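One structure is given here, and the rest of the page talks about it.
The values are calculated or read from the model by the stated rules, or taken from the named source; none is laboratory data. Since we're looking at a predicted model, the values are computed, not measured. Here the Cβ positions follow ideal geometry from the backbone for every residue, glycine too, while neighbour counts run over all protein chains shown.
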Amino acid sequence: MIKLVYLIPLLPLIGFVIIGLFGKTFSKGLIGIIGCGSILGAFALSLGIFFELIGQTEKSITIDLFSWITAGKLSIPFSFLIDPLSSLFLLIITGVGFLIHLYSTGYMSHDEGFYRFFAYLNLFIFFMLLLVLGSNYLIMFVGWEGVGLCSYLLIGFWFKNTAYNNAAKKAFIMNRIGDLGFLLGIILIYVTFGSISYHDVFMQAKNFSTGNPVLTAITLLLFVGAMGKSAQLPLYTWLPDAMAGPTPVSALIHAATMVTAGIYMIARSNILYTLAPFSMEVVAVVGVCTALFAATIGLAQNDIKKVLAYSTVSQLGYMFLALGVGAYTGAVFHVMTHAFFKALLFLGAGSVIHAMGGEQDIRSMGGLKKYLPITHLTFLLGTLAIVGFPGFSGFFSKDEILAHAYEHNKVLWFLGILTAAMTTFYMFRLYFLTFKGDFRGTHDQEHHLHESPKSMTIPLIVLAILSVIGGFIGIPKVLGGTHFLDHFLKPVFEDSSFRMVHHLSEGTELMLMAVAISVMGISLYYAFTTYVKNKTLPAPESEELKPIHKLVYKKYWIDEIYSTVITKPLNFISEGLYKVIDNELIDAIVNGIGSLIKWKSSKIRLIQNGNIGFYIFVMVISIVLILFTRLI
Amino acid sequence: MSAIEVVPLNWYLMLSTILFTIGVLGVLFRRNAIIIFMSIELMLNAVNLLLVAFSSYLSDSKGQVFVFFIMAVAAAEVAVGLAILMMVYRNTKSSDINVLNKLKW
Amino acid sequence: MITILLIFFPLLAALLLLLVNAERAKNIALFAAIIEFGISIFAVTQFQHNADVQFEASIPWIQSLGIAFHVGMDGISLLLVLLTTFLVPIIILTSFKNDYKNPAAFYALILSMQMALVGVFVSLDGFLFYVFWELALIPIYFICLLWGGENRAMITFKFFIYTLAGSLLMLMGLIFLYQHTEGIHSFNMEALYKAGQSLSATQQGYVFVAIFMAFAIKMPIFPFHTWQPDTYTTAPTSGTMMLSGIMLKMGTYGLIRWLLPVVPLGLQQWGHLAILLSVIGIVYASCIAIVQKDFKRLIAYSSIAHVGLISAGILAANVQGVQGAMIQMLSHGVNVVGLFFIVDIIQQRTQTREISSLGGIRNVNPQFAVLFLIILLGSVALPLTNGFVGEFLLLNGVYQYSAAMAAFAGLSVILGAVYMLRSYQSIMLGEINTITAAFAPLSGNEKIVLVILCAAIIAFGVYPKPLLDIAEPSVIKLVEGVQTALGK
């Protein structure tokens, strides 16, 4: 089965080519079958590989396809690596990807760009699979930039709308900033290790001492790439804007898979990070700051997708916190559970938006519980999962992260708990305002309300089940579990394990859990009293907000600040370079040399005055002079 | 001893120099195109004289070959030059070279 | 033999064109160019993958001065010959819909330019190289002058004089080297290499500056670039393609063949400054491209940015840099021809090139939008397009020279995306307006050209190995020569 791994990315690629070239003439049903079928095939293969990997002792298999780039000593094969980490990601990508494909056949059924949508989606899956399958950094980079392209295409899917196009462009450019860091990191890896294949690099890295400046530089550069792709401070602003794309895209790309690429990359390079404690510290601090920062913004947003977007940024911050404190398994665990519940929440939001006829403002919703029973129930389960309600998947992954954070640094832990409290508040705020209370929309909308078709509800149900039980593969020992995931991923993180010693006693761990649960409970109660008991509603657009509220509502004016500090000066400088330096200086010098010669010539030509006698005189004098100089 | 070698070589040198100088000065200071032309011929012939003299004294016939070349060139020059002069004269009613100052700048 | 055929076949075809009547000229030109491409493909199949010069031919020419008609190809030459012969038929095909007056003369000039370009790439004699170098300038001068746009006389004049001034410096450099060749002076390449390397460091520095100037102007490198945007904008599209797609590579090829191995010590003295200029040019031109309003001019500036990176990679003088430069020369040739063709298609249909006045073309012509996007992605160096392979190797090469410079040069990754996506959005996306509403579908010829270019972009992005393999032995030999001379 593992020998067939090349089929996993190949199937979506074939799907993309067929749909892309001929999709226009196909019926929507056929497109759906090709699109979903190719992903389902890939999922089946991934499943097979997953179990084969569990069953065998050899945990890291490289499959060479062909030699891609060679130049002198640099040789980069196009090859895939199968190990527990990549096989887990394969499952997440193809599994969640398939469900979202299925959902899209219902969600996008009225769109004229149906075939285009599926073509892009398949292309995205292809690149995402390359990203996690590659056996060296450059293949990862191929997938990395490829998913960026698909993200660009899908955010700007409705290309007639300028705002959507701007969001797409912003996403691509911000990602490119990160990509430059990543690329330079790869080059530095090559220069340092003479190879960029994981195997060679990690083997050699073991011989480096902890805190080696080169490793610190490499890991920081790689982290810049992760900041762009996984929307961390300060490169996060593209992700909320990216919600301009169709909702399944937000669920698949901007929640479940693509944005977790940064976590995958760092988890993959765990040995390098472990040897660079300073970078780990940076990762943890950036992660926790992002988590907190995005959570505060999430508190005041009124767009259902914006809330989820900021929540995604915040949860990604959580994952980086986990990586930064050395909890690699915890980070990957959270990637998985987050993929389930965040995809579920986005798809649920999509179902709501679908029912509301495109309305996304939660101030116009309310009381949707009775109109959309399935959506309501699944959304509630997703919410419980994300806030870490005991027993739900998010509980276990969050708990693991917080425990490691506590062990590493109490301040990080405190900020993490604070974030968790905010997450609970804004998620329940979202849930209450959307599903509880009375309907606040127009009559037309109320009339239009309906539960979504089966193709949309089935993925919701499956994801809801996964969100509930997904945590059971990582039940910590203190609760009597075996933590299957930890064992499964052990071969990947083995070399970094010397830093991951577990100091915490069982009592402390249980205490931390209790603190987390009680904080969640308090926050939940507060949200309940505010939005259900007191029926408080968010202020309408026209109302003047209190300064702090306004600051948060306006997202700290970060976009405006970037525009003033970066975009506008860049344009101004470019304009200056063009008009002043290029035209007025350099070109003027070039033209000036021409003019100077012309002017001098106009003076010199006067010597030719037409007087033959003068010419002859000059000639004779010259001859005499030449003779003198040569003869004397 | 040929007829040429009756006269010492120095005398030829001196005569040639005098003739050549007259030619140069004529070209420099006269304004009539015909006279300038004649002065040029004088310079050429001064050189010819010298060539013949040396050729004879050194018993080398190459010098005389050169003389023939120069005579041919001079003849061609006269043919072309006088034709141009004729045209100039017809158009300007003058053979003064200072009239010919239109070819400038 | 095959090299000589490659040089003179286009010339014969050009002469033939002058005899036939005007209507048939374009077809005959295309036919000839395709045959020429076939010949070069044949040469590729016959090519042995080693560092030797192959298909060599030497005919005595001006023996008293030690000048011979000495031609031959190693991997480096072969790749550029391949680029030339691949692009010329495409360029001819793109011009089919333009009704140029006096087509026979036009195509004859294109073909004779091809002759000179091939000649530049295969010359193994300094004097011959110089002759072809200057010869290439004459047809393009007339193409720009006779078929160009607004204010062409002035702009073409400037272009001609500017490049000619540079070439004269190169001639001085070559003659200086010639004077120092051992024994009977000769313009033979190997002799010139030896002469150059035997010079003192200071002398090598002078020669470096003189020869580098010629190449810097031709490529062009900041700050010698100001002729380029005007010329590219004014020249007829085919002329622009010839200039940017192929002629520009004369400069980069010159760096590889006639500068690095000749005066390595000169590189040591001046290389830092030269790389610095190249790298500044990358960012500088990218910034300027952001604010361009004319799409053709924007591409002209983007070309300066790309070529700056190529030049920096070559001057870094390591295998990755030079190999990257080789691949990037080919990629840039393909991409820039595609981009200029897109400008031409848009201009033909809308009579404008102003970015802001266009919009929404994707609504009326989705096919064109996709093909444009692929070419654009090649140009911004997305992985799995040809542009990426070159850019990665080049940045790698520059990084080994100086990390800071590579980081600075890498800004083009970001800025390139900025200006390209901005213009793509403004031209193709959004709502249609009165200018773009009647955007006609692509004609058969246009589709063929764009599809060929896109196929090349993707094919050599996914599998660049055949091209890399052709150049590799020669590049390694050359770089090793330079490194040895530098005592590294």
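Among residues of segment A:549-562 that are without any contact (Cβ under 8 Å) to a residue 12 or more places away in the chain, those with a Cβ under 8 angstrom from a residue that is surrounded by 15 or more Cβ atoms within 10 Å (Cβ to Cβ) and of a type outside the set (D, E), sequence gap 6+ or separate chain, pair up as A:W557/A:L551. The lone criterion from (1) in a helix (DSSP H, G or I); (2) surrounded by 14 or more Cβ atoms within 10 Å (Cβ to Cβ) left unmet by A:S518 is number (2). Among the residues of this structure, A:S46 counts as one that is assigned to a helix (DSSP H, G or I), of a type in the set (S, T, Y), away from chain C (no Cβ under 14 Å) and more than 28 Å from C:K465 (Cβ to Cβ).
Helices (runs of 4 or more DSSP H) fully within segment A:175-244 that include at least 2 residues being surrounded by fewer than 24 Cβ atoms within 10 Å (Cβ to Cβ) and within 11 Å of another protein chain (Cβ to nearest Cβ): A:213-229.
Considering only segment A:599-621, how many residues are in a helix (DSSP H, G or I) and either more than 14 Å from chain B (Cβ to nearest Cβ) or within 13 Å of B:L28 (Cβ to Cβ) (or both)? Here the count works out to 12.
Determine, yes or no, whether A:I626 is surrounded by 11 or more Cβ atoms within 10 Å (Cβ to Cβ) and part of a helix (DSSP H, G or I). For A:I626, the condition - surrounded by 11 or more Cβ atoms within 10 Å (Cβ to Cβ) and part of a helix (DSSP H, G or I) - is not met.
Say whether the condition of being over 19 Å from C:L376 (Cα atoms) and within 23 Å of the chain's Cα centre (by Cα) is met by at least one residue in segment C:405-417. Looking through segment C:405-417, at least one residue is over 19 Å from C:L376 (Cα atoms) and within 23 Å of the chain's Cα centre (by Cα).
Kindly indicate the residue of segment C:427-473 that is more than 13 Å from chain A (Cβ to nearest Cβ) and crowded, with 20+ Cβ neighbours inside 10 Å and also nearest to C:I90 (Cα to Cα) among those meeting that condition. Looking at residues that are more than 13 Å from chain A (Cβ to nearest Cβ) and crowded, with 20+ Cβ neighbours inside 10 Å, I get C:V449. A:F172: within 14 Å of chain C (Cβ to nearest Cβ), farther than 19 Å from C:V462 by Cα and in a helix (DSSP H, G or I), yes or no? Judged against the criteria, A:F172 is a match. Taken together, the residues in segment C:283-297 that are more than 13 Å from every other protein chain (Cβ to nearest Cβ) and not aromatic (F, W, Y) amount to 1. Among the residues of segment C:393-401, not a single one is over 30 Å from A:V214 (Cβ atoms), assigned to a helix (DSSP H, G or I) and either more than 9 Å from chain A (Cβ to nearest Cβ) or in contact (Cβ under 8 Å) with a residue 24 or more places away in the chain (or both). Evaluate segment A:418-428: report whether one residue or more is out of contact with any Asp or Glu (no Cβ under 9 Å at 6 or more places or on another chain) and without any contact (Cβ under 8 Å) to a residue 24 or more places away in the chain. Checking segment A:418-428: not a single residue is out of contact with any Asp or Glu (no Cβ under 9 Å at 6 or more places or on another chain) and without any contact (Cβ under 8 Å) to a residue 24 or more places away in the chain. The set of residues in segment B:52-105 that are surrounded by 14 or more Cβ atoms within 10 Å (Cβ to Cβ) and within 27 Å of B:E5 (Cβ to Cβ) comprises B:V52, B:A53, B:F54, B:S55, B:S56, B:Y57, B:G63, B:Q64, B:F66, B:V67, B:I70, B:A74. From the list A:F126, A:F78, A:F98, A:F89, the lone residue that is assigned to a strand (DSSP E or B) and either touching a helix residue (DSSP H, G or I) at 6+ places or on another chain (Cβ under 7 Å) or free of Cβ contacts under 8 Å to residues at least 40 places away in the same chain (or both) is A:F78.
When you look at A:V259, is it buried (at least 23 other Cβ atoms within 10 Å of the Cβ) and modelled with pLDDT of 90 or more, yes or no? So A:V259 does not fit the description; no.
How many residues does segment A:320-368 contain that are part of a helix (DSSP H, G or I) and within 14 Å of A:F396 (Cβ to Cβ)?
Summing the residues that are part of a helix (DSSP H, G or I) and within 14 Å of A:F396 (Cβ to Cβ) in segment A:320-368 gives 13.
Against the test of being assigned to a helix (DSSP H, G or I), of a type outside the set (F, W, Y) and surrounded by fewer than 24 Cβ atoms within 10 Å (Cβ to Cβ), the options C:T233, C:T240 yield a single qualifying residue, C:T233. In segment C:49-64, of all residues being part of a loop (DSSP other than H, G, I, E, B) and of a type in the set (A, V, I, L, M, F, W, C), the one that is nearest to C:K465 (Cα to Cα) corresponds to C:A51. No other residue among A:I593, A:I621, A:I586, A:I597 is touching a Pro at 6+ places or on another chain (Cβ under 7 Å), surrounded by 11 or more Cβ atoms within 10 Å (Cβ to Cβ) and at pLDDT 85 or above apart from A:I586.
Need pairs with beta-carbon distance below 8 Å; first residue not assigned by TED's automatic domain parsing to the domain that holds A:P491 and within segment A:57-68, second assigned to a loop (DSSP other than H, G, I, E, B); sequence gap 6+ or separate chains. Listed pairs, sorted by first residue: A:K59/A:D83; A:S60/A:D83; A:I61/A:D83; A:T62/A:S135; A:I63/A:S135; A:F66/C:Y463; A:W68/C:Y463; A:W68/C:P464. So is A:G146 free of Cβ contacts under 8 Å to residues at least 24 places away in the same chain, touching a Leu at 6+ places or on another chain (Cβ under 7 Å), in a helix (DSSP H, G or I) and within 12 Å of another protein chain (Cβ to nearest Cβ) or not? It is true that A:G146 is free of Cβ contacts under 8 Å to residues at least 24 places away in the same chain, touching a Leu at 6+ places or on another chain (Cβ under 7 Å), in a helix (DSSP H, G or I) and within 12 Å of another protein chain (Cβ to nearest Cβ). Taking residues in segment C:350-378 that are more than 15 Å from A:F159 (Cβ to Cβ), and partners anywhere that are buried (at least 21 other Cβ atoms within 10 Å of the Cβ) and among the aromatic types (F, W, Y), the pairs with Cβ atoms closer than 8 Å and at least 6 places apart or on different chains are C:R353/C:F295; C:E354/C:F295; C:I355/C:F295. Whenever a residue of segment B:80-105 is away from chain A (no Cβ under 13 Å), its partners that are not in a helix (DSSP H, G or I), lying with C-beta atoms within less than 6 angstrom and at least six residues away or across chains, give the pairs B:Y89/B:S95.
Is at least one residue of segment C:315-329 among the β-branched types (V, I, T), more than 30 Å from A:T70 (Cα to Cα) and assigned to a helix (DSSP H, G or I)?
No: zero hits.
When you check C:A300 against the structure, is it in a helix (DSSP H, G or I), within 14 Å of chain A (Cβ to nearest Cβ), out of contact with any strand residue (DSSP E or B) (no Cβ under 7 Å at 6 or more places or on another chain) and more than 22 Å from C:F388 (Cβ to Cβ), yes or no? For C:A300, the condition - in a helix (DSSP H, G or I), within 14 Å of chain A (Cβ to nearest Cβ), out of contact with any strand residue (DSSP E or B) (no Cβ under 7 Å at 6 or more places or on another chain) and more than 22 Å from C:F388 (Cβ to Cβ) - is met.
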